[in-house]
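The values are calculated or read from the model by the stated rules, or taken from the named source; none is laboratory data. Since the model is a prediction, treat every value here as computed from it, not as a measurement. Cβ coordinates were reconstructed from backbone atoms using ideal geometry, including for glycine residues, and neighbour counts include every protein chain displayed.
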Amino acid sequence: MTAITDTPALARDGFRAMGTDVLLMLDATGTGGAPDAPSARAAFDAARAEVHRIERMASRFDPHSELSQLNATGEAEVSTDLLRLITLALAMRGATGGRFDPTVHEAVVAAGYDRPLDQLPADGGAAGAPMPAGGRVDIDPRTGRVVLGTGTCLDLGGIAKGWAADRVADELGVHGPCLVSMGGDIAVRGALDGGPWPVEVMHGDRPRVIGLRRGGMATSGTDRRRWMRAGVPMHHVVDPSTGRPSTTDLTRVTTIADDAATAEAWSTALLLAGRDAALREARARDITAVLVDSRGDVATTGTLAVPGIAAVETEDQP
């Protein structure tokens, strides 16, 4: 997903973090009227610092991160923010019937995704045995103590990006309307020139612009974050019930929710459900979504299925 706008007063910043491209956009009219105003630069510096702080806390690739230390020891009293993130991830496991599951760590590693994507070999050895998820995670909210079941490790990668987008948008939004994209997990705060933020997503083989007025948006897909193991193509969307990369007939799902973290979890859950079940569930739960199947056919639900309503607007690219 790409945020697209030519508003002159829009300040921008971009950098790499959490294994992805981060994009920050801020309506600079509230920071002195110029995109290069010192207050805008200071706001971006603080946002960068917050993203890197969350990365140091929740990265599974950094052996010194707080999450990696918890995975290594199996139990720890964790920081308030990591506790919140783990609690949210487990709540979404319950809400999605286990299709989104933060305990897929061992399955993802067994599939070969054991280091940052840009460090994976062109074709590694054979994948390890599948490792179904559903591991036990006990939390004491009073003390912040987290205890992992035997053989259980946490992977918070996707939901951590959405959570980071939400946290940074909350902070950046104090300075004016803003958009934060963490590799496509998007959070917005405030209207852009009185209207929605235009965000480009791929609907099959063509782009479409979705106007995001509030909350968050996220996309999950089997067509990205791919690698090879002994000549077999692999991808990062692991089915928690089998411990293998999913064989869903959907290639990409975009969802819109009140926040980016929730959108991230539901985009994964609907993707794993498959087209027909995902359509039924999204309609029953009133989830706004775009579903693209393996034939390139596109289906929309929620507000995206009703063009022109107040919350979300859509229009085709010229």
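Exactly one of these conditions fails for Gly128: (1) free of Cβ contacts under 8 Å to residues at least 60 places away in the same chain; (2) touching an Asp or Glu at 6+ places or on another chain (Cβ under 7 Å); (3) not charged (D, E, K, R). Give me its number.
(2)
If you check every pair at least six apart or on different chains, which have Cβ atoms under 7 Å apart with a residue in segment 139-156 that is under 22 Å from Gly243 (Cβ atoms) first and a residue that is modelled with pLDDT under 95 and of a type in the set (D, E, K, R) second?
Gly151/Glu106; Cys153/Glu106; Asp155/Arg60
Got a number for residues in segment 73-119 being among the charged types (D, E, K, R), without any contact (Cβ under 8 Å) to a residue 40 or more places away in the chain and over 16 Å from Ser59 (Cα atoms)?
Number of matching residues: 1.
Test of understanding: among Thr29, Thr7, which residue is hydroxyl-bearing (Ser, Thr, Tyr), buried (at least 18 other Cβ atoms within 10 Å of the Cβ) and modelled with pLDDT under 95?
None of the others qualify; the one that does is Thr29.
Does Ala164 satisfy being of a type in the set (Gly, Ala, Ser) and either assigned to a strand (DSSP E or B) or surrounded by 15 or more Cβ atoms within 10 Å (Cβ to Cβ) (or both)?
Yes.
Any idea which of (1) over 18 Å from the mean Cα position of the chain (by Cα); (2) under 27 Å from Leu82 (Cβ atoms); (3) of a type outside the set (A, V, I, L, M) is the one Gly215 doesn't satisfy?
Answer for Gly215: the failing condition is (1).
Here are Gly195, Gly176: which of them is of a type outside the set (S, T, N, Q) and under 19 Å from Thr288 (Cβ atoms)? Give the steps one after another, and end with the answer.
Working: Gly176 fails: under 19 Å from Thr288 (Cβ atoms).
Criteria check complete, one pass: Gly195.
Here's a check for you: in segment 177-202, which residue that is more than 24 Å from Met18 (Cβ to Cβ) and free of Cβ contacts under 8 Å to residues at least 60 places away in the same chain is farthest from the chain's Cα centre (by Cα)?
Looking at residues that are more than 24 Å from Met18 (Cβ to Cβ) and free of Cβ contacts under 8 Å to residues at least 60 places away in the same chain, I get Gly194.
Scan segment 257-272 residue by residue and report those that are buried (at least 22 other Cβ atoms within 10 Å of the Cβ) and out of contact with any helix residue (DSSP H, G or I) (no Cβ under 6 Å at 6 or more places or on another chain).
Listed by number, the residues that qualify are Thr262, Ala263, Trp266, Ser267, Thr268, Ala269, Leu271, Leu272.
Return a yes/no flag: does segment 177-188 have any residue that is among the aliphatic types (A, V, I, L, M), assigned to a strand (DSSP E or B) and surrounded by fewer than 23 Cβ atoms within 10 Å (Cβ to Cβ).
Checking segment 177-188: not a single residue is among the aliphatic types (A, V, I, L, M), assigned to a strand (DSSP E or B) and surrounded by fewer than 23 Cβ atoms within 10 Å (Cβ to Cβ).
Against the definition (in contact (Cβ under 8 Å) with a residue 12 or more places away in the chain, aliphatic (A, V, I, L, M) and touching a helix residue (DSSP H, G or I) at 6+ places or on another chain (Cβ under 7 Å)), how does Val232 come out, yes or no?
No, not satisfied.
Return the pairs, sorted by first residue and then second, in which the second residue is among the small types (Gly, Ala, Ser) and in a strand (DSSP E or B), the first residue lies in segment 264-291 and is over 12 Å from Thr96 (Cα atoms), the beta carbons are less than 9 Å apart, and the residues are 6+ apart or on different chains.
From residues that are over 12 Å from Thr96 (Cα atoms), the pairs are Arg275/Ala299; Leu279/Ala289; Leu279/Ala299; Ile287/Ala257; Thr288/Ala257; Ala289/Ala299; Val290/Ala299; Leu291/Ala299.
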